[in-house]
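Scroll down for the structure; my scribbles are underneath it.
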Amino acid sequence: EAAVTQSPRNKVAVTGGKVTLSCNQTNNHNNMYWYRQDTGHGLRLIHYSYGAGSTEKGDIPDGYKASRPSQENFSLILELATPSQTSVYFCASGERTGAGNTLYFGEGSRLIVV
Amino acid sequence: GDSVTQTEGLVTLTKGLPVMLNCTYQTTYSPFLFWYVQHLNEAPKLLLKSSTDNKRTEHQGFYATLHKSSSSFHLQKSSVQLSDSALYFCALTSSGSWQLIFGSGTQLTVMP
């Protein structure tokens, strides 16, 4: 089974502060994704990556940056955190979903911005 | 653009009863549909998937049939158990797409 690990699992940040959420996958998947989960909205895509060095905007990229320094690691960066970014963030990895491949999710990072 | 609709936000049932969670989608391309399940404080995990029209797909007692004529992929189970209590997401991708689009989710709660 694919392994995707996220850190930190829980984070309290102050408004205007910088937050970095990290994700590591050990199955050599090309694609990695960052989603946020909010009640009533399901999982919404923030950024994704096709491979090391690439990042692409998803459906709700505003206020977020992403970094993919290696095949295994994909970070989500909030340069100036706001209370509206309080959410649960999930990282996922997988091969091309258009071919029906499965996404493997990490266990989530709960972020509270005060 | 592509979209997924799950009409029920919350479903509460008594153990042993059947359940159907609705999922409809819109896309102009060839669809691939998924159901993911997320138990409390856990990661979402794939439950089942299909791209074949009118073919029933089953896993862990759950089943779904993709009907392209009605753009639907409803999830069913004949007898729910307490352990089925979870959040269920329907998701869509299509040929040529890099993205997986999720519905808003249905929280299933099974009572004793």
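Annotations for the structure displayed:
- Applying the criterion of at least 1 residues that are touching a residue at least 60 places away in the same chain (Cβ under 8 Å) and either closer than 25 Å to A:Thr26 by Cβ or away from chain B (no Cβ under 11 Å) (or both) to the strands (runs of 3 or more DSSP E) found wholly in the stretch A:36-114 leaves A:73-78, A:87-94, A:109-113.
- Residues (touching a Leu at 6+ places or on another chain (Cβ under 7 Å) and within 14 Å of another protein chain (Cβ to nearest Cβ)) located in the stretch B:94-112: B:Gln99, B:Leu100, B:Ile101, B:Phe102, B:Gly105, B:Thr106, B:Gln107
Yes/no matrix, rows are residues, columns are (1) modelled with pLDDT of 95 or more; (2) of a type in the set (Asp, Glu); (3) farther than 20 Å from B:Lys45 by Cβ:
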{"residue": "A:Pro69", "(1), (2), (3)": "yes, no, yes"}
{"residue": "A:Glu72", "(1), (2), (3)": "yes, yes, yes"}
{"residue": "A:Glu79", "(1), (2), (3)": "yes, yes, yes"}
{"residue": "A:Cys91", "(1), (2), (3)": "yes, no, no"}
{"residue": "A:Arg96", "(1), (2), (3)": "no, no, no"}
{"residue": "A:Gly100", "(1), (2), (3)": "no, no, no"}
{"residue": "A:Ser109", "(1), (2), (3)": "yes, no, no"}
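- Any hit, the stretch B:67-81, residues being surrounded by 16 or more Cβ atoms within 10 Å (Cβ to Cβ), under 19 Å from A:Gly100 (Cα atoms) and either at pLDDT below 95 or in contact with a helix residue (DSSP H, G or I) (Cβ under 8 Å, 6 or more places away or on another chain) (or both): no
- A:Lys11 meets all of the listed conditions (1) of a type in the set (Lys, Arg); (2) closer than 24 Å to B:Asp2 by Cα; (3) away from every other protein chain (no Cβ under 14 Å) but one, namely (2).
- Of the strands (runs of 3 or more DSSP E) that lie entirely inside the stretch B:1-93, those containing 3 or more residues that are away from chain A (no Cβ under 13 Å) and touching a residue at least 60 places away in the same chain (Cβ under 8 Å) span B:10-14.
- Failed item, numbered, when B:Val19 is tested on (1) surrounded by fewer than 14 Cβ atoms within 10 Å (Cβ to Cβ); (2) farther than 22 Å from A:Glu107 by Cα: (1)
- Residue that is nearest to A:Gly63 (Cα to Cα), among those in the stretch A:1-31 that are within 15 Å of the chain's Cα centre (by Cα), at pLDDT 95 or above and surrounded by 18 or more Cβ atoms within 10 Å (Cβ to Cβ): A:Val19
The values are calculated or read from the model by the stated rules, or taken from the named source; none is laboratory data. The structure displayed is predicted, hence computed values, not measured ones. So basically every Cβ, Gly included, is an ideal-geometry build from the backbone, and we count neighbours across all protein chains shown.
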